[in-house]
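See structure below.
The values are calculated or read from the model by the stated rules, or taken from the named source; none is laboratory data. Everything numeric in this text was worked out from a predicted model, so none of it was measured. In this analysis, Cβ positions are derived from the backbone assuming ideal geometry, glycine residues included, and neighbour counts consider all displayed protein chains.
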There are 2 protein chains.
Amino acid sequence: MSHDGEGLARFSINQMTVKQLSLPELAAACTDLGVPGVGLWREPVQAYGLEATAKLMRDAGLTVTTLCRGGFLTAIDPHARVRAIDDNKAAIDEAATLGTDTLVLVSGGLPAGSKDLHGARSRIAEALSELGPYAASRGIRLAIEPLHPMFASDRCVVSTLAQALDLAEQFPASQVGVCVDTYHVWWDDTAPAQIDRAGRGGRLHAFQLADWVTPLPEGVLNGRGQLGEGSVDLRAWRALVEQAGYGGPIEVELFNEALWSQPGAKLLTQTTHSYLQHAC
Amino acid sequence: MSHDGEGLARFSINQMTVKQLSLPELAAACTDLGVPGVGLWREPVQAYGLEATAKLMRDAGLTVTTLCRGGFLTAIDPHARVRAIDDNKAAIDEAATLGTDTLVLVSGGLPAGSKDLHGARSRIAEALSELGPYAASRGIRLAIEPLHPMFASDRCVVSTLAQALDLAEQFPASQVGVCVDTYHVWWDDTAPAQIDRAGRGGRLHAFQLADWVTPLPEGVLNGRGQLGEGSVDLRAWRALVEQAGYGGPIEVELFNEALWSQPGAKLLTQTTHSYLQHAC
């Protein structure tokens, strides 16, 4: 499949990729480069102001492709669970105000001292039974993002697309689907069939790109590679989601200390070039 | 399942766990503590001398439970492939001399510049078609060890027990099976069914324990946790392999800079205590 003529039409820049840019700087840089979409994060949006961010994006003609992130639904303590539900409802409301249709969920790791992955996954399902209908009532779809298994203990007990779909399919597709991020699933030979499963169910709610590079840094969070610099066959993964019916935004989400040390506008330019070269 | 009366009868210490000990120190410490088995590594064995190591182990009454490691079978270059096959044959010969019946395989990562995981896995199968019969002729079983997906690019493209068994089952169980290491599979909710599959096929050739702790160190290789200090339900995994028919040695293999900075005999003592407390 070739996307030569399409250019940046489906490209979206996740805000964390260029976190050195303020929101007005990000909007200006996107306008300059013809970037049509942005994925936003709650914390910088809250710092700038929710309504102000929504206006800034509207005025710049930018589509907010996703809001990151809800989730962290694995607590056992009843008070912590109530706080998590409330916080996710707030995230859903924020997503609606920003005009996006998708809230990405990072489901949460094991509670301190727990070794019970199965129980943690059950508590995610329990929380989604309350959050799914709430999200749908606001016009928001929840997208469960499986995170790489190296995050299973401390960040996300949902490690594969199969697990994410096992959770999502307990609810209508209009409430809960999945977010496919190449960084998290590239190693998994069962992921292609799961992408097909997600597509057939109308649950491919978001698609994100990052490349896999080594050595991983301490803590492994901020070692994602620029597109084309690592081991991931980005075009092949794009073809898989498109064969499964996905025609939505393609969001680039990199967390990388070396990239963050560069000027943000230059990094955004470089990222668009890498996208055109390696994912189109 | 309780193993209270069994003590250290099935315990084996992988040499890398206490790599600060020389081979004679290791043999002496095992004798002192009543540790009956050791897993050895090729490099320190070659440094001490193959025949000398075999004699040392025999004289100490120690069972060599595994030799680590063969593998690295993913090269594309024909010369590199020939060298890899030859090196694995040498490892098989060394295993036979040491009196173990099991050579653990770390299959290898992606060749430089390659993004083709499927091709790499095919080349492993191709190499095993030559190595399997050779190993069996020497009384050695090959044990494919799936490594955690965080090692998929640079160390081992076999990331799950399902993949390992897909490879192993192309050959007789007397030639090729799997090594289950809790550190690598603990996150995987499909692993229990695969352990059952491996057991039914007579392919559970080795079982290793390590715990999962975070944050992971830079490079992620040397961050394995002492038994009981992390997220892995070691007893549950032991029960799974035993339900699948495994009654062999239980090898503890930790790579951890902090543990390596301790006196080796003290670390071995501590490790036996952790084993008795958390895995029996």
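Do any residues in the range B:126-153 that are over 30 Å from B:Asp211 (Cα atoms) and modelled with pLDDT under 95 have Cβ atoms under 9 Å from those of residues that are outside any strand (DSSP E or B) and of a type outside the set (Ser, Thr, Tyr), where the two are at least six apart or on different chains, and which pairs are they?
Nothing qualifies.
Test B:His273 against the stated conditions and say whether it is more than 30 Å from B:Ser153 (Cβ to Cβ), at pLDDT 95 or above and surrounded by fewer than 17 Cβ atoms within 10 Å (Cβ to Cβ).
On the way: more than 30 Å from B:Ser153 (Cβ to Cβ): yes; at pLDDT 95 or above: yes; surrounded by fewer than 17 Cβ atoms within 10 Å (Cβ to Cβ): yes.
Criteria met by B:His273.
For B:Ala191, state whether it is surrounded by 23 or more Cβ atoms within 10 Å (Cβ to Cβ), within 19 Å of B:Val158 (Cβ to Cβ) and at pLDDT 95 or above. Can you show your working first?
On the way: surrounded by 23 or more Cβ atoms within 10 Å (Cβ to Cβ): no; within 19 Å of B:Val158 (Cβ to Cβ): yes; at pLDDT 95 or above: yes.
Here the answer is no, as B:Ala191 does not meet what is asked.
Return the residue satisfying two criteria in turn: it lies in the range B:154-173 and is among the small types (Gly, Ala, Ser) and surrounded by fewer than 22 Cβ atoms within 10 Å (Cβ to Cβ), and of such residues it is nearest to the other protein chains (Cβ to nearest Cβ). It would help to see each step written out before you state the result.
Let us first name the residues in the range B:154-173 that are among the small types (Gly, Ala, Ser), namely B:159, B:162, B:164, B:168, B:173.
Narrowing further to those that are surrounded by fewer than 22 Cβ atoms within 10 Å (Cβ to Cβ): B:162, B:173.
Working: B:Ala162: 8, B:Ala173: 22 Å.
Result: B:Ala162.
Which of the residues that make up the range A:222-270 are in a loop (DSSP other than H, G, I, E, B), surrounded by fewer than 22 Cβ atoms within 10 Å (Cβ to Cβ), small (Gly, Ala, Ser) and touching a Leu at 6+ places or on another chain (Cβ under 8 Å)?
Within the range A:222-270, A:Gly228, A:Ala244, A:Gly245, A:Gly248 qualify.
Of the residues that make up the range B:100-115, is at least one of a type in the set (Ser, Thr, Tyr), away from chain A (no Cβ under 14 Å), on the phi < 0 side of the Ramachandran plot and in contact with a Lys or Arg (Cβ under 9 Å, 6 or more places away or on another chain)? Outline the logic, then answer.
Here is the first cut: in the range B:100-115, the residues of a type in the set (Ser, Thr, Tyr) are B:100, B:102, B:107, B:114.
Imposing the further condition that a residue be away from chain A (no Cβ under 14 Å) reduces the set to B:100, B:102.
Of the ones still in play, those that are also on the phi < 0 side of the Ramachandran plot are B:100, B:102.
In the following step, the residues that additionally are in contact with a Lys or Arg (Cβ under 9 Å, 6 or more places away or on another chain) were identified as B:102.
Scanning the range B:100-115, I find at least one residue that is of a type in the set (Ser, Thr, Tyr), away from chain A (no Cβ under 14 Å), on the phi < 0 side of the Ramachandran plot and in contact with a Lys or Arg (Cβ under 9 Å, 6 or more places away or on another chain), so the answer is yes.
Among the numbered criteria (1) more than 18 Å from the chain's Cα centre (by Cα); (2) surrounded by 13 or more Cβ atoms within 10 Å (Cβ to Cβ); (3) not hydroxyl-bearing (Ser, Thr, Tyr), which single criterion is violated by A:Asp77?
Every condition holds for A:Asp77 apart from (2).
Could you list, in sequence order, all residues of the range A:1-39 that are hydroxyl-bearing (Ser, Thr, Tyr) and at pLDDT 95 or above?
Of all residues in the range A:1-39, those hydroxyl-bearing (Ser, Thr, Tyr) come to A:2, A:12, A:17, A:22, A:31.
Of everything in the range A:1-39, those that are hydroxyl-bearing (Ser, Thr, Tyr) and at pLDDT 95 or above turn out to be A:Ser12, A:Thr17, A:Ser22, A:Thr31.
Going by the conditions given, is A:Thr74 modelled with pLDDT of 95 or more and in a loop (DSSP other than H, G, I, E, B)?
Values: modelled with pLDDT of 95 or more: yes; in a loop (DSSP other than H, G, I, E, B): yes.
When the stated conditions are applied, A:Thr74 passes them.
Can you name every residue in the range B:116-142 that is within 14 Å of chain A (Cβ to nearest Cβ) and either touching a helix residue (DSSP H, G or I) at 6+ places or on another chain (Cβ under 8 Å) or part of a helix (DSSP H, G or I) (or both)? Spell out the reasoning first.
As a first pass, look at the range B:116-142 and keep what is within 14 Å of chain A (Cβ to nearest Cβ): B:116-122, B:124-125.
B:Leu117, B:His118, B:Gly119, B:Ala120, B:Arg121, B:Ser122, B:Ile124, B:Ala125, listed by residue number.
Please give the number of the condition B:Arg58 fails out of (1) in contact with a helix residue (DSSP H, G or I) (Cβ under 9 Å, 6 or more places away or on another chain); (2) surrounded by fewer than 18 Cβ atoms within 10 Å (Cβ to Cβ).
All conditions pass for B:Arg58, except number (1).
Can you spot a residue in the range B:203-218 that is at the interface with chain A (Cβ under 9 Å from one of its Cβ atoms), under 18 Å from B:His148 (Cα atoms), assigned to a loop (DSSP other than H, G, I, E, B) and out of contact with any Gly (no Cβ under 7 Å at 6 or more places or on another chain)? Don't jump to the end; show me each part of the working.
Within the range B:203-218, the subset at the interface with chain A (Cβ under 9 Å from one of its Cβ atoms) is B:212-218.
From what is left, the residues that are under 18 Å from B:His148 (Cα atoms) are B:212-218.
Still in the list and also assigned to a loop (DSSP other than H, G, I, E, B): B:213-218.
The next check asks that each one be out of contact with any Gly (no Cβ under 7 Å at 6 or more places or on another chain); those that pass are B:214, B:218.
Yes: the range B:203-218 contains one or more residues that are at the interface with chain A (Cβ under 9 Å from one of its Cβ atoms), under 18 Å from B:His148 (Cα atoms), assigned to a loop (DSSP other than H, G, I, E, B) and out of contact with any Gly (no Cβ under 7 Å at 6 or more places or on another chain).
Could you grab me the full set of residues in the range B:179-202 that are among the acidic types (Asp, Glu) and within 13 Å of chain A (Cβ to nearest Cβ)?
Selection gives B:Asp188, B:Asp189.
Out of curiosity, is B:Leu98 touching a Leu at 6+ places or on another chain (Cβ under 7 Å) and at pLDDT 95 or above?
Values: touching a Leu at 6+ places or on another chain (Cβ under 7 Å): yes; at pLDDT 95 or above: yes.
It is true that B:Leu98 is touching a Leu at 6+ places or on another chain (Cβ under 7 Å) and at pLDDT 95 or above.
Does A:Pro215 qualify as being free of Cβ contacts under 8 Å to residues at least 12 places away in the same chain and either in contact with a Lys or Arg (Cβ under 8 Å, 6 or more places away or on another chain) or buried (at least 17 other Cβ atoms within 10 Å of the Cβ) (or both)? Write out each step before concluding.
Values: free of Cβ contacts under 8 Å to residues at least 12 places away in the same chain: yes; either in contact with a Lys or Arg (Cβ under 8 Å, 6 or more places away or on another chain) or buried (at least 17 other Cβ atoms within 10 Å of the Cβ) (or both): no.
Criteria not met by A:Pro215.
For the range B:188-200, check the following and say yes or no: at least one residue is among the acidic types (Asp, Glu), under 25 Å from A:Thr190 (Cα atoms) and free of Cβ contacts under 8 Å to residues at least 40 places away in the same chain. Before the answer, list the steps.
Step one: filter the range B:188-200 for residues among the acidic types (Asp, Glu), giving B:188-189, B:196.
Those still in the list that are under 25 Å from A:Thr190 (Cα atoms) too: B:188-189, B:196.
Checking the rest, the ones that are also free of Cβ contacts under 8 Å to residues at least 40 places away in the same chain come to B:188-189.
Looking for residues that are among the acidic types (Asp, Glu), under 25 Å from A:Thr190 (Cα atoms) and free of Cβ contacts under 8 Å to residues at least 40 places away in the same chain, one finds at least one in the range B:188-200, hence yes.
Mind checking which residues of the range B:28-42 are farther than 19 Å from B:Ala206 by Cβ and not aliphatic (A, V, I, L, M)? Step through it out loud before you land on a result.
Our first condition is that a residue be farther than 19 Å from B:Ala206 by Cβ; within the range B:28-42, this holds for B:28-29, B:31-34.
B:Thr31, B:Asp32, B:Gly34 - these are the residues of the range B:28-42 that are farther than 19 Å from B:Ala206 by Cβ and not aliphatic (A, V, I, L, M).
Would you point out the residue of the range A:97-117, among those that are hydrophobic (A, V, I, L, M, F, W, C) and surrounded by 18 or more Cβ atoms within 10 Å (Cβ to Cβ), that is nearest to the chain's Cα centre (by Cα)? Walk me through it before giving the result.
Initial filter on the range A:97-117 (hydrophobic (A, V, I, L, M, F, W, C)): A:98, A:103-106, A:110, A:112, A:117.
Add one more test, that the residue is surrounded by 18 or more Cβ atoms within 10 Å (Cβ to Cβ), and what stays is A:98, A:103-106, A:110, A:117.
Values: A:Leu98: 16, A:Leu103: 8, A:Val104: 5, A:Leu105: 8, A:Val106: 8, A:Leu110: 21, A:Leu117: 22 Å.
Among those residues, the one meeting the criterion is A:Val104.
If we keep just the residues of the range A:170-201 that are assigned to a loop (DSSP other than H, G, I, E, B) and of a type in the set (Asp, Glu), which is nearest to A:Ala127 (Cα to Cα)?
Our first condition is that a residue be assigned to a loop (DSSP other than H, G, I, E, B); within the range A:170-201, this holds for A:170-175, A:186-190, A:201.
Retained after the next criterion (residues that are of a type in the set (Asp, Glu)): A:188-189.
Numbers: A:Asp188: 27, A:Asp189: 29 Å.
Top of the filtered list is A:Asp188.
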